[in-house]
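First up is the structure itself, then whatever we jot down about it.
The values are calculated or read from the model by the stated rules, or taken from the named source; none is laboratory data. Note that the coordinates shown come from a computational prediction; the quantities given were computed from them, not determined experimentally. Cβ atoms come from the backbone with ideal geometry, glycine included; neighbour counts cover every protein chain shown. The protein model used for the area step is the full one, side chains on, heavy atoms only, and it has no ligands, DNA or RNA in it. Shrake-Rupley method; radii C 1.70, N 1.55, O 1.52, S 1.80 Å.
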Amino acid sequence: MSQIPERTQVAIVGGGPAGSLLAHLLHREGIESVIVELRTRQHVLERVRAGVIEHGSAEVLRSAGLGKRMDEEGFMHEGVNLAFDGRLIRIDFMGLVGKYVVIYGQTELQKDLYQAIDAGDIPLVDEAEEVELHELVGDRSTVTFLRQGRRHALECDFVVGCDGAHGVTREYIPTSLVQSFERTYPFVWVGVLSPTPPVADELIYANHETGFALCSMRNRQLSRYYVQGSADDRIEDWPDDRFWEVLKSRLPSTVSERLVTAPTIEKLVTPLRSWVAEPMSFGRLFLAGDAAHVVPPTGAKGLNLAISDVVYLAEALADRYRTGSMTGLDGYSATALSRVWRAVRFSWWMTTMMHYFPGIAHDFERRLQLSELEYLAASENARRTMAESYVGPSL
Ligand code: FAD
Ligand code: DHB
């Protein structure tokens, strides 16, 4: 970036999905912003993460002019499958609630977002280190950062912290005002990308007595698989041979016999936790996405919450610049948190139903899991409830 601005309306810390979508939505409202991102563009664009876009998120992306490639290259899925006890049951989203999800990698969405940012000439300062926030209570705020050895100051009306689970902005909400809620789960997910055709047309979430497994995809020649590992596992503990063997052992044989394996091209180990900090704002600072809350990936909600947060925030900021009213911004935290907690509950429920929990009263827990899954198999109402949460509320 040639000239780093010294003044803007909204300073956005973090250029992941939350930060870059917010900048784009504000630009469409005629509101200026600057994104200040710690990593290089290439790093942000290459990160492999989420894959499921909720119905409402997909509609938001389309109405923001970001839906073209998603609709051409993504897959509209009208259901998902749950595997347990050698059986497979389908949750028919379209039949039950008339909605779908789109399978479209976060990596692809990030490309679309950065393209929109470049097209709108929105300043994106990458490799910005030591971000600090100043004067969050008062007339205007300042974000300072170090770039290529030089310290810069960006004056703004509002600061939005979109700097993810390991960001710094949330630390600026005084601890005396913050209440945090957390649950860590005693296992990890090991995820791979495999240059092979997906094993099924739709996602399969598998509950097995030895642990969870998930079959997902990116395109017709690229599959995404996850298996549950132990809390202290590292990538080195999961060579490809072990990964494929464990995955196969956790799927019904009708599925595993179709699985095509190959040397994997990406592997990650990700811990599972639920974490929410309330409130999501302080003075001129607003938090959005993983900076304010983290959910375990089982319900595929993290990226979708990042999207819903910034939709609420963009509307509130637009209202503030249009009318001078702070009502929307004052209500932002409560509005966003109500949706966040719905997703926290759903992710916790799916995590609890699908994983092996080492230690604690396992036989009892296992019977409860099987009973819950049997209930889903037997009851259309139960499946409708799950479908409603999986596809997500409207935005
Ligand atoms: P991030 O994507 O983390 O972006 C934060 C940005 O801030 C990053 O670019 C980072 O470099 C930058 N940053 C950090 N610190 C600083 C700093 N100090 N200064 C400046 N910049 C900083 N969600 C779903 O909805 N569906 C799924 O299917 C799904 N699957 C997942 C699978 C896996 C394996 C994982 C790990 C996550 C998954 N998620 C899923 C979650 C989803 O990826 C995240 O919730 C989403 O990336 C959150 O977006 P964000 O913009 O809030 O945060
Ligand atoms: C994917 C990730 C998830 O967390 C999930 O629940 C479903 C799919 C994925 O990466 O494809």
Scanning the range 237-265 for residues that are among the basic types (Lys, Arg) and either open to solvent by 40 Å² or more (accessible area, probe 1.4 Å) or in a loop (DSSP other than H, G, I, E, B) (or both), the one farthest from residue 170 (Cα to Cα) turns out to be 258
Mind checking whether some residue in the range 101-118 is within 30 Å of residue 221 (Cβ to Cβ) and basic (Lys, Arg)?
-> yes
Of (1) closer than 30 Å to residue 309 by Cα; (2) among the polar types (S, T, N, Q); (3) surrounded by 15 or more Cβ atoms within 10 Å (Cβ to Cβ), residue 369 fails just (1)
Item checked: Yes/no for residue 157 being without any contact (Cβ under 8 Å) to a residue 60 or more places away in the chain and within 26 Å of residue 24 (Cα to Cα) -> no
Here the residues within the range 269-296 that are out of contact with any strand residue (DSSP E or B) (no Cβ under 7 Å at 6 or more places or on another chain) and hydrophobic (A, V, I, L, M, F, W, C) are 282
Those residues of the range 276-306 which are more than 16 Å from ligand 2 (Cβ to nearest atom) and under 15 Å from the mean Cα position of the chain (by Cα) amount to 276, 287, 288, 291, 292
Item checked: Condition met for residue 73 (more than 25 Å from residue 295 (Cα to Cα), in the same structural domain as residue 145 (by TED's automatic domain parsing), within 15 Å of ligand 2 (Cβ to nearest atom) and touching a strand residue (DSSP E or B) at 6+ places or on another chain (Cβ under 9 Å)) -> yes
Note: among 222, 287, 268, just one is within 16 Å of ligand 1 (Cβ to nearest atom), in contact (Cβ under 8 Å) with a residue 60 or more places away in the chain and either open to solvent by 30 Å² or more (accessible area, probe 1.4 Å) or of a type in the set (Ser, Thr, Tyr) (or both), namely 268
By my count, strands (runs of 3 or more DSSP E) wholly in the range 1-111 with at least 3 residues that are buried (at least 18 other Cβ atoms within 10 Å of the Cβ) are 10-13, 33-36, 79-84, 101-103
Note on residue 326: of the conditions (1) open to solvent by less than 50 Å² (accessible area, probe 1.4 Å); (2) more than 20 Å from residue 213 (Cα to Cα), unmet is (1)
Flagged in the range 290-316 as open to solvent by 40 Å² or more (accessible area, probe 1.4 Å) and more than 9 Å from ligand 1 (Cβ to nearest atom), in numbering order, are 312, 315
Can you say whether residue 171 is surrounded by 14 or more Cβ atoms within 10 Å (Cβ to Cβ), more than 20 Å from the chain's Cα centre (by Cα), within 16 Å of ligand 1 (Cβ to nearest atom) and not in a loop (DSSP other than H, G, I, E, B), as far as the supplied structure shows?
no
